[in-house]
Each structure stands twice: as structure tokens, then as C-alpha cells.
1. Is segment 724-738 home to any residue that is in contact (Cβ under 8 Å) with a residue 60 or more places away in the chain, of a type in the set (D, E, K, R), under 15 Å from Ala787 (Cα atoms) and open to solvent by 50 Å² or more (accessible area, probe 1.4 Å)?
2. Report, by residue number, each residue of segment 485-503 that is touching a residue at least 60 places away in the same chain (Cβ under 8 Å), out of contact with any Leu (no Cβ under 7 Å at 6 or more places or on another chain) and over 17 Å from Ala613 (Cβ atoms).
3. When the residues of segment 650-708 are filtered to those that are among the basic types (Lys, Arg) and surrounded by fewer than 21 Cβ atoms within 10 Å (Cβ to Cβ), which remaining residue is farthest from the chain's Cα centre (by Cα)?
4. In the list Gly44, Gly29, Gly34, which residue meets the criterion of being touching a strand residue (DSSP E or B) at 6+ places or on another chain (Cβ under 6 Å) and over 18 Å from Gly151 (Cα atoms)?
5. Which of the residues spanning segment 777-793 are open to solvent by less than 70 Å² (accessible area, probe 1.4 Å) and either closer than 22 Å to Gly755 by Cβ or in contact with a helix residue (DSSP H, G or I) (Cβ under 7 Å, 6 or more places away or on another chain) (or both)?
6. Yes or no: Ser543 open to solvent by less than 10 Å² (accessible area, probe 1.4 Å) and not β-branched (Val, Ile, Thr)?
7. Give the number of residues within segment 766-798 that are acidic (Asp, Glu) and at positive phi.
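The values are calculated or read from the model by the stated rules, or taken from the named source; none is laboratory data. Predicted, not measured: the structure shown is a model, and the values here were computed from it. Cβ atoms come from the backbone with ideal geometry, glycine included; neighbour counts cover every protein chain shown. In case anyone asks, the SASA skips ligands and DNA or RNA and just uses the protein heavy atoms, side chains included. Shrake-Rupley method; radii C 1.70, N 1.55, O 1.52, S 1.80 Å.
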Amino acid sequence: MKVSYNWLKEHLPLELTASELGTHLLRLGFEIAGHQRLGPSFTGVVVGKVVSKEKHPNADKLSVCVVDDGAAQRTVVCGAPNVDAGQTVAYARPGAVLPGGFKIEGRKLRGVESQGMICSRSELGLPKDVDGIWIMGEGPALGADVGSLLGPADDLLEVEITSNRPDCLSHRGLARELAAYFRKELKPLGGGMMESEKASFPVTVEDREACPFYGARLIEGVTVGESPAWLKTKLEAIGLRPINSVVDITNYVLHDIGQPLHAFDADKLAGSKIIVRRSKAGEKLLALDHRVYDLPEGLLVIADAEKPVALAGVMGGEDSAVTMATKRVILEGAYFNPAEARKSSQKTRLRSDSSYRFERGADPAAPRAAADRAAVLILQIAGGAASTPAEAAAPRPARAPIQASTAAINTILGADFPAPAIKEALSSIGELKDGGEGFSFTAPSWRHDLYTPNDLAEETGRFLGYDNIPYRMAPMSSKTARLTPVETESRRVRTRLAALGLCEVYNYDLLSEKALTACRLTADGQPRVANPLSEDWAVLRQSLLPGLLKNAQHNLGRGADAVRFFELGKSYAIRGKEVDEVWRVAGILLGPVLDARWQAARSPRASFYDGKAIVEDLLEKAGPVTWAGLTEPSAGKTPSDPLFHPTNSLRALINGAPVATVGWLHPRVARAHDLEREGAVVFDADLDRLAAREERASRFEEFSALPVSRRDLALVLDKSTPYARLTDVIRDCRVPELQDTLLFDVYEGKNLPEGKISLAIRLTFGRFDRTLTDVEVNTAVETIVAALGKELGASLRG
């Protein structure tokens, strides 16, 4: 917020420099973001009068003027289109210095001697009002120093006001805070408004909760014109452009005491009445920023008998704006619910000084007094006669007192402030009733941030000084934090995947509907963000894979040869009226398996078996795992299924429940992400299920120092027989000497019957106490071959 120091001192007498004031404001929690010295930055510029104007003999766009500065008449060549004889102007004499160190000297322009310069406001470093020279109007004496006519120098402070302190978004609000800090009295605002017998516009409020107070006062017979110099100077000092006397007064009151006001041209309101209601479907508003806004149904608007004329608490309409031709003014002073102002501002993407204050919480007790103050100024500056205001007000609930004690406040702060000092500091803010050891504190209507003893402790610390709190180490006991099962499992999975050469990525939990469609997913039934910052962050994700695909596409597009990514995070789904959150881990593999420095001439690329090996590693301690194709009924369903190839993917099941999926990326999803040539393998696992399992304790088993015996078998069996079924049969033989079973070759084709496949396995036998004999090994092999023949119809390949 921009604060004029001169303006601030009109509310509170201060003898500090602007820099010293900034130091005190910082102690109160208000940072100074900028400090600018305002005032004349030029010398030698005086009031002059254009005696005559003639066309330049050698230039079409230049004029030759004679300027009287009270001491002499001089010839000046001027290029401004609005210069004319009889005007009072700002005249820079030869030797004058303008902003930027530009020195004025006499010189010839197109053959004509020019002795000085007729200046525009921008050339003097002042806010620009019109194109061309500054026409000062009648009043200033010829030869008077223009710098002295601009009034005393000022300091402009850019003060950062935190969102919980909307009461300080005005000069009086900040002065009130400083008055409490310095224990000084604020200057009174002045007299109120005289009541009148004249009737005003009728006011109807259809939603008293959204608009607890609305007041409208009719002022007739006004003469709208330019604002007086003092009002213009104040507004220009804080960066506002003067518009007309009535509009400038509403802006002045807003920045003076913090209450947004609005003025309507009464003759432009249909039906001679004001209605505060909800917007209807299809309604539009041409706002004061000259843009037409489509109003969503249900926003709070100010309407006449036909249409909306303002978006409540945000901005008025251009069709009912006060202009120089206005004769009858309706002055609005209202309080709008912060949530309503915030909703209207966000739905229309329209921001204003009014919405900035209303959505943070204005003072509900201020509208009447602020409107009276503005009405008095309008009558003084624009004339006219005012009516009694028409008001619609709902009962305002009383603030509940805060019960606290000085001992409790010192405990919260870790301080030893004297009880009288604490009570004096709090009494400067609100009403304090002493009750012996404790006290009762009632916050004023403008302090929406004071509700608990902790809030009072914060105020005490600010006003008595946090620097005065002694530095002491707080007593503490060190306790080791216990990890949740999901945190423990996440750490294990993160370590394992990193050891396997995968890189972890982090993505937002939010996706766009476009991204979901590209992954064959839908936003139906997914949690949505009510007011997303962007359409790219509108829906909570049901799978981690869309983010990983974007990561892969991004990296391949920038020259990466291979991608090995994983992510740990949450997926979301709606279950009844609640949002269900599930921790998952997902990954993607594509491109060469080995680094280029270790690759052979034709390096293998990531395959389904690489992904399956990673998933098996994650499930190593999960207990017995069974595998099923995604199309099998036993596989069940998961939210990520549409991203997997339906026939080239597998589901891992533990106790019949799906815990992980691995397979090739669906071709349509691959094409949508420009990955169809890469052959991407993806996997997805449920961390919550993995964390909930009963992990078997690791136990060391002694290994044998004696040599083992190995037998290689080539088995012919039906092509449809899963390898897992073969290992189950071997395990069921319960051969105690069998230590390992390894599949090392798969063959199908020539010399095999149709529908058959050859699996080459290696069986490893051994004992801890002695070396096995050939007879023992052969007997064990015969037992296994017989069982395979009986259960699976397998035979040894000849």
C-alpha cells in the first residue's frame, strides 16, 4: 500500500523522519518495500503567461510564442499542439534545471531564437494529466516559483500490509496502529452528516448474510467538475489519476479511512430503486474498466429495476458512472461478506482496490460514517442537497470477549513483562476490563484477527517489543520419531529403485483433463479443484503414470538416450462423500539398458522382463506372489489399467489382492506422448498394501562349503503352461537336496510339435554335511521329471 507521510500526519502528529518511521513500522510487522521522496526536482521554473502565439515561419508544427514571466517578455519556440495566447503556463527561464539535470539555455530553433521553454507536467516530473503543455489556470501570480506552488515536499512509503490486517489498508488505519504503538491520540475525523427530510432511493437487500449493511444517500443538484488542488495532490501522491470531483472523493475516503464507497448517476438507474441480489443466468456488466463481463449465475450484484449496475464489493458499471454531466448522485456505503467479494472477484477475474479490502474483511461498523464523510465533501466541493440515507441493516453480532491473564501472556511469549505494561498495551487496541489476576478483552470491530489469548500475546509482543523478550533455551526432551508403515516402506522402495539405476522424479498431484484423455483416463468421479489456478491443475490424479510419461517425453525431446524414472506419491479417488488417498510407486523404462560407454554394437533395450524383475525385487519379502494377465478375472481392476497393454502386461497378486502391475505401455498412450518408437515398459504398485503386509523376518541360513551338483534338463510341454506352474510342481516334490531352479533358455519352432515349447532349466543340488553321490542326484532328478510328466505332461527333449 502506498502511504503519503504528509497525509498520515493529518491523522497522527509525528516528529519522526520517514526513515525512522519505517524502522518503527518494521517492528510492528509492516515491512517497507520502497521509499520515494516527492516534491519539486526542478529549479528556475516560474508562472508565465502566453501573450501571443504565431506560426513558425520555417516549421509547420512549431509555434513562436511571447511569454510574460512578470519580469520580462521573452520569445519561446513551442511544439505543443495545445498552446495558445492567454494561457497561464509553467515557464522555464534560461538557466533553469529540469528533472534529470537538463539545463535550459537560449538557442535557435529553425532560425528563431528561443529563450526558455514552456513545460508540460511530465517534463517537470509530475503526473501527466493531458497531452501537451501544463495549462495552470487563473490564480498564480506571474513570476511565482512553480515549485513552491506545489506544496511541501512529501515522502511516499510502500508499506507491505499482511493479509490478516486489512484494517491497516488506509492512512487512518495505519495511523491508528501507530497511535497505539506510541501511546498517542488520533486526531478526530471531524463532524458527521446533517440529517435531511428529503426522501432517498428505496433499497432492497435479498441476501442479508451476504450484505449485512447497505446504505444509499441521494444528493441532488450537484455540479461535477475537476477536484480542488488539495484533493488532486493527495490522489496523485499515491499514484491515482484524478477523474472528477465525486469519483475522486470516493477514492479519497477509501484511502483515507479504508472503507470502499461507490457513486451512481441516479438518472441512469432504471426504476428509481436499488436491489442487492444474485446475478441471473445470461446477465452481463460493462464495468468501469471498459470491459464487458459475463456474470456467472449466483454472484452478488447491485441492480436497478432492469439489470446489474455493479458487481458488489468489486467494481461499478460504466453505464451508471458519474460524469461531468451528472446532476443527481446515489452514494453507496455498504459491507459485503468477504467470501462473497472473493468469489465474485475470482469468478470474473476482476480485481480492484475495493475487492482487495472487502475480501480480506472491511470494518462492518464503518460504512455509515464513511458515507457521511464523503457526502459532506461532495456538498462542499460539488454543491447540492442531500437526502436522508436509505439503509438495510441486519443485526450485527457482538464480539465475544477474550478471557486471558498477564501470567498466561508472559507464558506464551516466554517473557517477564510487567502486568501494567501488558494491560496498557492492550487497552490501546480495544476495551479491557480488569478482573484482578485475569482480564476480559473485547476487540474493536475492525480487528478480525483477535480471537484467542495467543492473539493478545502477539499484540503484546509487537507493542512492548520482541527485542525485550529474554533469550532462553526452551526445555526440550529428545524423542526419536517413529515412522509410519508407509514411510518405512517408501524408504525401502526408494533405496531399492535407486540401487537398480532408476532416478526419482516429483510431479504435481494435479492434472488437466487433456492429460487424462491422452492417457485413456477420465476425470469422471475424480476429485476436482473448486477454483484451479490453471486448467492444467484442475483434477487430482488417479495414477502416477501420466506425470512420468510427461517426464519421459520431456527428457527424450532434449536428447536423452534412455529413461529410467520412478515416483512415489499419492493417487486419489472419491469413495462416497470422502476423498480416498492411496500411496503408490510407479516407474517407466525405455531406451538402452546400458550406458553408451558399456554398450555392445547392438545393446539390448529395456524389455518387459526388466520391468518384471524390478517389481519382483520390490515384492521380494511380500510373501507368495501369483501372476495373472490383465484380462483374467482374478487380476481385478486398478485405476492405471488403461495405460497398460491389455495382453502384454501382468498383475502381481498377494492373497488374491492386486499389489502391482507391469507391462508394455498401451500403443495409443505411447502415440499420444511420441513414445511409440521407444517401446516403453511401465509398472505401478500399491505402497499401502505392501506396507500393510506382515514382513517375514530375515534369517541367516548357513551356506555349504562343499561342492554342488548341477543337472540341465530340456523339457517339452504345452506352450500354454506358465513357468510358474512348472516351479510349483518342482517345489511340491519336496526334494531336500534341491537348492535352486533356473530357467536359462526358451525354444519353440523347428523339430518341436505344434503347440509345444522347450524350456531349459538348471537344477542345483547340495547338502551342508557331505557331497552328494551321482546316485542321489539322479534319483532326485528322476523324481522331479516323473512329477512334471504326471502333472504337466512334460517330457525330456531328445
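1. Taking segment 724-738 and keeping what is in contact (Cβ under 8 Å) with a residue 60 or more places away in the chain, we get 724-726, 729.
Cutting the leftovers down to of a type in the set (D, E, K, R) gives us 725.
Imposing the further condition that a residue be under 15 Å from Ala787 (Cα atoms) reduces the set to 725.
Still in the list and also open to solvent by 50 Å² or more (accessible area, probe 1.4 Å): 725.
Yes, some residue in segment 724-738 is in contact (Cβ under 8 Å) with a residue 60 or more places away in the chain, of a type in the set (D, E, K, R), under 15 Å from Ala787 (Cα atoms) and open to solvent by 50 Å² or more (accessible area, probe 1.4 Å).
2. Step one: list which residues in segment 485-503 are touching a residue at least 60 places away in the same chain (Cβ under 8 Å), which gives 485-486, 488-490, 493-494, 496-497, 500-503.
Okay, now just the ones that are also out of contact with any Leu (no Cβ under 7 Å at 6 or more places or on another chain), so 485, 488, 497, 500-503.
Within segment 485-503, Pro485, Thr488, Cys503 qualify.
3. Residues of segment 650-708 among the basic types (Lys, Arg): 651, 668, 671, 677, 689, 693, 696, 699.
Those still in the list that are surrounded by fewer than 21 Cβ atoms within 10 Å (Cβ to Cβ) too: 668, 671, 677, 689, 693, 696, 699.
On the way: Arg668: 35, Arg671: 34, Arg677: 39, Arg689: 34, Arg693: 40, Arg696: 46, Arg699: 52 Å.
So the residue we want is Arg699.
4. Details: Gly44 fails: over 18 Å from Gly151 (Cα atoms); Gly29 fails: touching a strand residue (DSSP E or B) at 6+ places or on another chain (Cβ under 6 Å).
Just one listed residue meets the conditions, Gly34.
5. Ile784, Val785, Ala787, Leu788, Gly789, Leu792, Gly793
6. Details: open to solvent by less than 10 Å² (accessible area, probe 1.4 Å): yes; not β-branched (Val, Ile, Thr): yes.
Yes: the conditions hold for Ser543.
7. Looking only at that region, the number is 0.
Let's see how each residue does on (1) polar (S, T, N, Q); (2) more than 16 Å from Ala310 (Cα to Cα); (3) surrounded by fewer than 22 Cβ atoms within 10 Å (Cβ to Cβ):
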position: Thr233; (1), (2), (3): yes, yes, yes
position: Glu236; (1), (2), (3): no, yes, yes
position: Pro242; (1), (2), (3): no, yes, yes
position: His262; (1), (2), (3): no, no, no
position: Ile274; (1), (2), (3): no, no, no
position: Ser279; (1), (2), (3): yes, no, no
position: Glu283; (1), (2), (3): no, no, yes
position: Ala287; (1), (2), (3): no, no, yes
position: Arg291; (1), (2), (3): no, no, yes
